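These notes are about the structure you will find just below.
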Amino acid sequence: MAEILVLVDHVDGEVKKVTLELLTLANRLGEAAAVWAGPGYEGAKDKLGEYGAGKVYVAADEELTSYVVAPKAALLAQLVAERSPGAVLVAATGEGKEVAGRLAVKTGSGVLTDVVDVAEGFVAEHSIFGGGIIAHARVKTGTPIIAVRPNSVAPEASPVTPAEEQVSVTLSDTDKGAKIVERVVQEKGERPDLTEAAIVVSGGRGVGGAENFKIIEGLADSLGAAVGASRAATDAGWYPHSFQVGQTGKTVSPQLYIAVGISGAIQHRAGMQTSKTIVAINKDPEAPIFELVDYGVVGDLFQVAPQLTEEITKRK
């Protein structure tokens with residue numbers, strides 16, 4: 001079976017959930033081989049092995065994470081030339097998509113982004129036009145480079161003992177064009193990251209004000225969920241823009257998405273329509289959100305959401 005390279009997305013040695021999803025997908029398509037760039041590998045190798053990384057290419061040089069994006073593309077380009085993998089999988093994050101684009105140019109290969117699944121023959125599935133159309137595409141030239149949307153694949157443990165291979169890459173002056181001079185660690189709350197959360201609870205215009213977002217937060221906390229917001233809510237200043245879900249915000253694909261007081265404009269649907277199960281609470285029975293939900297509750301969110309929170313808390 002062909003080797004499938006997976007670029008490990010990590011922060012200070014902590015492997016992000018999307019990498020485990022990519023390893024799961026890679027093992028469906030061939031033999032997963034993780035590519036580690038920068039320091040911190042020792043603390044992460046067990047996790048990579050747990051999710052099926054039969055091989056790990058370790059490039060531990062700190063220089064690879066001292067510059068913006070380009071060194072990772074150079075490392076992958078070298079491995080593509082030397083190992084001739086069946087495909088390269090990266091996370092469809094801001095950084096991951098830029099790495100994919102640079103790698104495609106370096107290797108003369110085709111690139112597919114915002115992919116939600118990959119079938120045999122490296123046929124990629126895309127959810128486009130706000131999720132209204134499912135499209136399939138395949139790279140015709142070079143090595144398929146595929147950026148997969150986080151939460152599109154359920155990670156499955158498949159424990160192995162990885163074979164490790166140390167690699168190095170010589171960076172050009174172009175690769176060193178943008179240097180990272182400072183890192184600021186953003187304080188993390190107790191809630192999961194919005195783009196990686198298995199459950200997301202989002203509030204919209206119907207919440208009525210910033211002070212009422214405590215209802216959304218209470219429901220989210222009862223479920224161990226992340227909090228999201230519609231563009232209307234963030235534009236009104238009720239919740240930070242970094243939590244916006246939608247076409248101009250973040251794209252999420254959790255196992256469960258609960259939309260509270262959100263009408264369901266196409267821009268919002270574009271950011272959450274690939275969620276596995278969608279629940280909506282809205283007092284307007286004609287709200288567009290009800291066109292795509294699995295379960296809909298027509299009612300006053302100020303009554304329904306607190307009752308739901310109370311019932312969930314009782315069952316814990």
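The values are calculated or read from the model by the stated rules, or taken from the named source; none is laboratory data. Just so we're clear, the structure is a prediction, and the values are computed from it rather than from any experiment. Cβ atoms come from the backbone with ideal geometry, glycine included; neighbour counts cover every protein chain shown. Accessible surface areas use protein heavy atoms only, side chains included; no ligands, DNA or RNA. Shrake-Rupley method; radii C 1.70, N 1.55, O 1.52, S 1.80 Å.
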**Prompt:** So, in Å, what gap is there between the alpha-carbon centers of the stretch 34-61 and the stretch 277-316?
**Reply:** 42 Å
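Using just the helices of the chain, give the 222 nm mean residue ellipticity in deg cm²/dmol: DSSP H runs with n ≥ 4 each add -39,500 (n - 2.57), and the total is spread over all residues, rounded to 500.
Calculated mean residue ellipticity at 222 nm is -7500 deg cm²/dmol.
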**Of the trypsin sites (Lys or Arg not before Pro) in the stretch 243-315, those whose Cβ has at most 14 other Cβ within 10 Å and which sit in DSSP loop** = LYS276, ARG315
**Virtual spin-label span in nm between GLU165 and VAL11, 7 Å along Cα→Cβ** = 3.1 nm
**Message:** Could you work out the relative contact order of the stretch 108-232? I mean the mean sequence separation of Cα pairs under 8 Å and 6+ apart, divided by the number of residues, in percent.
**Reply:** 19 percent
**Relative contact order of the chain, defined on C-alpha pairs under 8 angstrom at six or more residues apart (%)** = 15 percent
**Complete:** Most packed first (mean Cβ within 10 Å per residue), the peptides 255-261, 102-108 order as 255-261, 102-108
**Message:** Just to confirm the filter: which GluC sites (Glu not before Pro) across the stretch 182-244 are DSSP coil and have at most 12 other Cβ within 10 angstrom of their Cβ?
**Reply:** GLU182, GLU187, GLU190
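By how many nm would the segment from ALA135 to GLU182 grow when fully extended, if each residue of separation counts as 0.36 nm and the alpha-carbon distance is taken off? Intermediate results must be reported in sequence, preceding the final value.
Working: separation 47, 0.36 × 47 = 16.92 nm, distance 4.06 nm.
Extra length from ALA135 to GLU182 when fully extended: 12.9 nm.
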**Fill in**
When the chain is treated as a Gaussian network with springs between alpha carbons less than 10 Å apart, the largest mean-square fluctuation among THR174, THR19, THR234 is found at THR174
**Prompt:** How about the stretch 7-72: which trypsin sites (Lys or Arg not before Pro) there lie in a loop by DSSP and see at most 12 other Cβ atoms within 10 Å?
**Reply:** none
**Fill in**
A student applying the Cα gyration tensor rule (rounded when a/c is under 1.5; otherwise prolate if a/b is larger than b/c, oblate if not) would label the stretch 3-176 oblate
**Neighbourhood net charge (11 Å Cβ-Cβ; Lys/Arg +1, Asp/Glu -1) for LEU20** = -2
**Prompt:** What is the sum of charges around THR174, taking Lys and Arg as +1, Asp and Glu as -1, for the other residues whose C-beta is under 15 Å from the C-beta of THR174?
**Reply:** +1
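Given a 1.4 Å probe, how much area per residue of the chain is accessible, in Å²?
The answer is 48 Å² per residue.
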**Prompt:** When Lys and Arg each count +1 and Asp and Glu each count -1, what net charge do the other residues less than 15 Å away from VAL115, Cβ to Cβ, add up to?
**Reply:** -1
**Request:** Distance between Cα centroids, the stretch 174-243 to the stretch 87-162: provide it in whole Å.
**Result:** 25 Å
**Fill in**
Rounded to a whole %, the carbon-and-sulfur portion of the accessible area of the chain at a 1.4 Å probe is 49 percent
